[in-house]
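What follows is a single structure, written as structure tokens, with notes after it.
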Amino acid sequence: MPAVVEVRNLHKSYGSTVAVDDISFAVEQGEIFGIIGPNGAGKTTTVECVEGLRTADRGVIRVLGLDPGRDRAELTQRLGVQLQDGRLPDRLQVGEALRLYSSFYRKPADRHVLMEVLGLADVRRAPCAKLSGGQKQRLSIALALIGSPEVAVLDELTTGLDPQARRDTWGLIQDVRSRGVTIVLVTHFMEEAERLCDRVAVIDRGRVVAEGSPQALTEGFNGGLHIRFRSSVPFDDGLLTGLPDVTGLTRQGDLVVVSGTGNALHAITSALARNDIVAEHLRVEQPSLEDAFVALTGTRAATGPGGSAAGAARRRSPSPH
Ligand code: ATP
């Protein structure tokens, strides 16, 4: 089956600033595909080209087989977009905004259901200017979904939401996907990417520097799992190093550190139990997507509600583009 979103060798400059150098990826039907990367990496520019809001300098983009530049009118009916800086008239009420947007689509979703699900029903008569940051964010998600899109592009899905609203929104996105909608998610939150995305592309300086499932990216980083324990009795390294999924063993005094991937933990604890060895003070350290992100991009990611786009601070100097 052809990819729902296909981006090949995308390049986009703003004057002398190369925002997107050479980006390629493909998103399959029904996937939640994450785009993560430090500030200024080119994520928004990439998705704006996918949405047809910007024209690429070079490269090929197809969304549902359509060219976002040439087939914009048709694509608008089938693609939902959450804009990073969506601005609505101050006096427009929440309910009016949704009614107005639903009139643009051939098959709009039920706006009353959307307002309920997104916790907007109580503020349906509130003017946009009076909404809190979180309510504005929820309205922008509702507007992205009001056209019953086949593909939704969500940029900074849960920025500004409190922890409960963030979890509710994740649940909503999983529901939307379970109805067959393909989702492209730009996020700074590694926990969000880990929980929601089937695959992510890590973008840095306008290029994809890694791509895969969050699990594959983290397992591939720093040797995967590290299992630390003190052994109740001495044992030969070969007992564990010969096990499937075990990639290494080191000793620090009486502390044993075993590295592995996949099912290493199960294999190790079973082998120890078979040999009547008790693993005392056992600790399992699993690298997170954030660890992989830091290693790949040299930046700290925003990890939770306290984090923000501004919190993703670059550790190395900007590229000379
Ligand atoms: P963020 O995480 O901060 O939103 P991003 O990964 O989405 O960043 P872009 O917004 O695509 O990155 O920006 C990529 C680069 O292009 C940055 O250097 C940015 O300053 C520059 N840029 C983006 N939009 C414009 C514009 N309209 N005019 C000039 N430069 C721009």
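The numbers here are math on the coordinates, done by the rules we state, and not lab data. Note that the structure is predicted; figures quoted are calculated from it, not measured. In this analysis, Cβ positions are derived from the backbone assuming ideal geometry, glycine residues included, and neighbour counts consider all displayed protein chains.
Where a ≥ b ≥ c are the square roots of the eigenvalues of the C-alpha gyration tensor, would you call region 224-286 rounded, which needs a/c under 1.5, or, failing that, prolate if a/b is larger than b/c, or oblate? Cα axes put region 224-286 in the rounded bin. Note on region 93-149 and region 3-74: Cα centroid distance 26 Å, given to the nearest whole angstrom. Listed by chain and number, the lysines whose alpha-carbon sits under 18 Å from that of LYS12, ignoring those within fewer than 8 places in the same chain, are LYS43.
Ordering ARG166, ARG78, ARG230, ARG70 from the fewest to the most neighbouring beta carbons within 10 Å gives ARG70, ARG230, ARG78, ARG166.
The slack in the chain from THR247 to GLU116, taken as 0.36 nm per residue of separation less the alpha-carbon distance, amounts to 42.2 nm. For a straight C-alpha distance cut-off of 12 angstrom, the aspartates and glutamates reachable from LYS136 (same-chain residues fewer than eight places away being disregarded) are ASP85, ASP90.
Of the peptides 240-253, 191-204, the order by per-residue mean of other Cβ atoms within 10 Å, starting with the highest, comes out as 191-204, 240-253. Fully extending the segment from SER178 to VAL257, taken as 0.36 nm per residue of separation minus the present Cα-Cα distance, adds 24.4 nm. The listed peptides 28-39, 93-104, 270-281, ordered by packing as a protection proxy, come out as 28-39, 93-104, 270-281 (highest mean of other Cβ atoms within 10 Å first). The DSSP beta bridges internal to the chain are antiparallel in roughly 65% of cases. Taking 0.36 nm per residue of separation and subtracting the Cα-Cα distance, full extension of the segment from SER103 to THR17 would add 27.1 nm.
Reducing region 233-297 and region 159-190 to their Cα centroids gives an inter-centroid distance of 34 Å.
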